[in-house]
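Notes to accompany the following structure.
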Amino acid sequence: MKNLPRETTGALEARLARELPGYARRVLDALEDAGHEAWVVGGWVRDALLGVSGHDVDVTTRAPWPEAARVLRAANITVHETGTAHGTVTAVVDGMTVETTTYRVEGGYSDRRHPDEVRFVDDVRADLARRDFTVNAMAFHPARGLLDPYGGRADLVARVIRAVGSPRRRFEEDALRVLRAVRFACRLDATIEPATQEALVACAGELADIAQERIGQELDGILATGRAAWALRHEFAVLEAALPELAPLAGFDQRSPYHAYDVLEHTARVCAGAEEFAGGLPTRALRWAALLHDVAKPACWSVDDSGRGHFFDHPRQGARTLRAVMGRMALPTEVTRAAAALVELHDLPVSATSVSVRSMLAELERRAPGQARPLAFALLDLKRADAVAKAPAFRSYATELDEVGAALRSALAAGPVYRVRDLAVGGEDVLRACGIEPGPGVGMVLEQLFAAVMAGELPNDRATLLAQMRW
Ligand code: ATP
Ligand code: MG
């Protein structure tokens, strides 16, 4: 993350005015020309101050939403009535959307989840006061400049996440903010201000009342920042409240010569390693897999006669837990399937031979059809991260994995067989060559040939395979 540009308020406001996209300017101008105060608010202002462009633009206005919709339409802007119960309409300009919301405050939160009511107000400052963190509670208008009643800009410079108002009350109103605080701390490489941190820990338990889907989105957002390792180390109270399956990892002594850390610190190292080995851009599946690869270790732990710990079947059990977690959080099926395949195979022995890498591809393909190629690289990244997070004496496997990566690349370049349909012969050939009726027998013959090719016993050569069938 770039450092906040050093600039005077005047220079900063001029820069923001320049950088504000034209389509957003049209929405502001349409409202203001009709006499309704309007500001850009939230994420765009925060990111623009940081010098990060491209955030979607949200507008807040004094106009009641039906009036905002009328004025925008009169200016030839398309309007969708997307969230009118909360005062939100979506303006579409040049194919870009701008959420436009009437100034509002939220009423009580008797269920600690949803505001009982929203109340529309006249003062933009009241609207800013309902927002979660100071860095998210700034408004900007090209002519009026930056409105920053809570010191959000100073907190951005200092990289501090601070609740707007009483942290305890704000987290009691909406416990999801607990997880949002961690997400923004990760995203902005920030620390959490002490009173906010204290309230965070005190209120983390209330995440139990929050819809799983919203928790899943925030956790996915934390993983997307690439700083899950930091969150595991510094905000574990919040993470274990959001994802209780993580709780047994803390302090779990593996009693194994392979491991120098408890499962939690090992997991944090694997998350950090996955970022590093995937060049800062791991897939969502790899990030979820890194987080949960050893989640079943405590449950699968046993000690042998010599007092040494073992974790039989933990990859398969871990994949089951991952599917349960990501399923209840309604995360996308494809991501879940890919992540589960990575967890299940994270201890699969692989070596730098064509037979071994093709077998790895086949195992991935079976669990996540169509995703084997990208997942093979992700699996090597996960295994590498796992290796370097072990006790120092067992880290050298990471260099072997470089050779496996090279073998994988050359196998892929050669057009590898790792699915039955990659065979140089098909069902029609079996019918003709073996003279059998269509039915399950055809598949069995193909499976046998496939197994022989996979094992390197036969080449994937049409003439050879046909001859084999006749034989
Ligand atoms: P992101 O890039 O993650 O979307 P954002 O700032 O746009 O960042 P959103 O979750 O889209 O975050 O919310 C937009 C704005 O609405 C926030 O900047 C914040 O001011 C406010 N906000 C969102 N959720 C909450 C909440 N649960 N409590 C208080 N304010 C919130
Ligand atoms: Mg947003």
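The values are calculated or read from the model by the stated rules, or taken from the named source; none is laboratory data. The structure presented is a predicted model; accordingly, all values stated were derived computationally and were not measured. Quick reminder, even Gly has a Cβ in these numbers, built from the backbone with ideal geometry, and neighbours come from all protein chains shown.
Quick notes on this structure:
- Pairs meeting the criteria (first residue in region 454-470 and on the phi > 0 side of the Ramachandran plot, second residue surrounded by 13 or more Cβ atoms within 10 Å (Cβ to Cβ) and β-branched (Val, Ile, Thr), beta carbons under 8 Å, at least 6 apart or on different chains) are GLY456/VAL355.
- Test: residue in region 17-34 that is out of contact with any strand residue (DSSP E or B) (no Cβ under 7 Å at 6 or more places or on another chain) and within 23 Å of PRO149 (Cβ to Cβ): yes
- Of all residues in region 412-441, those satisfying the criterion of being in a helix (DSSP H, G or I) and closer than 21 Å to GLU365 by Cα are LEU412, ALA413, VAL420, ARG421, ASP422, GLY427.
- Count of residues meeting criterion [within 16 Å of ligand 1 (Cβ to nearest atom) and surrounded by fewer than 22 Cβ atoms within 10 Å (Cβ to Cβ)] in region 25-47: 2
- Residues of region 45-59 satisfying the condition of being in contact with a Gly (Cβ under 9 Å, 6 or more places away or on another chain) and either within 14 Å of ARG153 (Cβ to Cβ) or more than 13 Å from ligand 2 (Cβ to nearest atom) (or both): VAL45, ARG46, ASP47, LEU49
- Evaluated against (1) over 21 Å from ALA229 (Cα atoms); (2) touching an Asp or Glu at 6+ places or on another chain (Cβ under 6 Å); (3) away from ligand 1 (no atom under 11 Å from the Cβ), ALA175 falls short on exactly one condition, (3).
- Check on GLY145, at pLDDT 95 or above, within 16 Å of ligand 2 (Cβ to nearest atom) and over 22 Å from HIS86 (Cβ atoms): no
- Qualifying residue in region 64-86 (condition: within 16 Å of ligand 1 (Cβ to nearest atom) and buried (at least 18 other Cβ atoms within 10 Å of the Cβ)): no
- Test: GLU218 is assigned to a helix (DSSP H, G or I) and more than 27 Å from VAL40 (Cβ to Cβ): no
- Filtered residue count, region 338-361, keeping only those that are crowded, with 20+ Cβ neighbours inside 10 Å and either assigned to a helix (DSSP H, G or I) or of a type in the set (Lys, Arg) (or both): 11
- Considering LEU249, LEU232, the condition of being surrounded by 20 or more Cβ atoms within 10 Å (Cβ to Cβ), at pLDDT 95 or above and touching a helix residue (DSSP H, G or I) at 6+ places or on another chain (Cβ under 8 Å) is satisfied by LEU232 alone.
- Under the condition of being closer than 20 Å to SER354 by Cβ, not charged (D, E, K, R) and not in a helix (DSSP H, G or I), the residues counted in region 442-471 number 5.
- Of residues in region 161-170 being surrounded by 21 or more Cβ atoms within 10 Å (Cβ to Cβ) and more than 10 Å from ligand 1 (Cβ to nearest atom), the one nearest to ALA202 (Cα to Cα): PRO167
- Condition broken by VAL270, with the remaining ones in (1) more than 18 Å from GLU235 (Cα to Cα); (2) in contact (Cβ under 8 Å) with a residue 60 or more places away in the chain; (3) of a type outside the set (Lys, Arg); (4) part of a helix (DSSP H, G or I) satisfied: (1)
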